[in-house]
Amino acid sequence: MQSRTGNKHDVTALYLRLSRDDDLQGESNFIVNQRMMLQQYALEHGLTITQEYVDDGWSGTNYDRPAFQRMIDDIEDGKINCVVTKALSRLGRNYIPTGQYTEIYFPSKGVRYIAVNDDVDSDQGDDDFSPFRNIMNEWYAKDISRKVRSSKKLRGDAWRPHVSAALRL
């Protein structure tokens, strides 16, 4: 499998991320499942995994994640020419920065990008639907944040008699 980088077998990094908002069944299960999925994908597609970067408990709206920044440093140092994630949302949940990484930064560094569940592989050419996925990923993060704030406010106000009485109606 020849990639645009000219290497027959890419020097691949697996990037895994889980935010606290995604933690419905336990962080370790989600990270373990992401890891198994990505390792299986790499094996089936002849990709040599050289590094794994895990940001456990970090929001996708923050790009100052420790493992993400180490991965970017390794890309800058020429140690990686392929990044594999479970989905675009694992890379990030902000439309513009995620698009800048996938559309500008990775190509400028000769880095192949694969989002397994979204069927994105930069070696297969442009994916016209990815910008829309990125917009939806950003909307999801904002929607969840709004719901969490609303829930916390409701729980915080529940002790007040007027609020408790209104909730019983």
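Data overview
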quantity: Single residue of the stretch 1-50 satisfying the filter (outside any loop (DSSP other than H, G, I, E, B) and of a type in the set (Asp, Glu)) that is modelled with the highest pLDDT; calculated: Glu44
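Residue-wise test of (1) surrounded by 19 or more Cβ atoms within 10 Å (Cβ to Cβ); (2) touching a residue at least 12 places away in the same chain (Cβ under 8 Å); (3) under 13 Å from the mean Cα position of the chain (by Cα); (4) at positive phi.
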position: Gln34; (1), (2), (3), (4): yes, yes, yes, no
position: Gln39; (1), (2), (3), (4): no, yes, no, no
position: Ala42; (1), (2), (3), (4): yes, yes, no, no
position: Asp55; (1), (2), (3), (4): yes, yes, yes, no
position: Thr61; (1), (2), (3), (4): no, yes, yes, no
position: Ile80; (1), (2), (3), (4): yes, yes, no, no
position: Lys86; (1), (2), (3), (4): yes, yes, yes, no
position: Leu91; (1), (2), (3), (4): yes, yes, yes, no
position: Tyr95; (1), (2), (3), (4): no, yes, yes, no
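The values are calculated or read from the model by the stated rules, or taken from the named source; none is laboratory data. Given the structure is predicted, the values throughout are model-derived calculations rather than measurements. Heads up, the Cβs are rebuilt from the backbone with ideal geometry, glycines too, and the neighbour counts pull from every protein chain shown.
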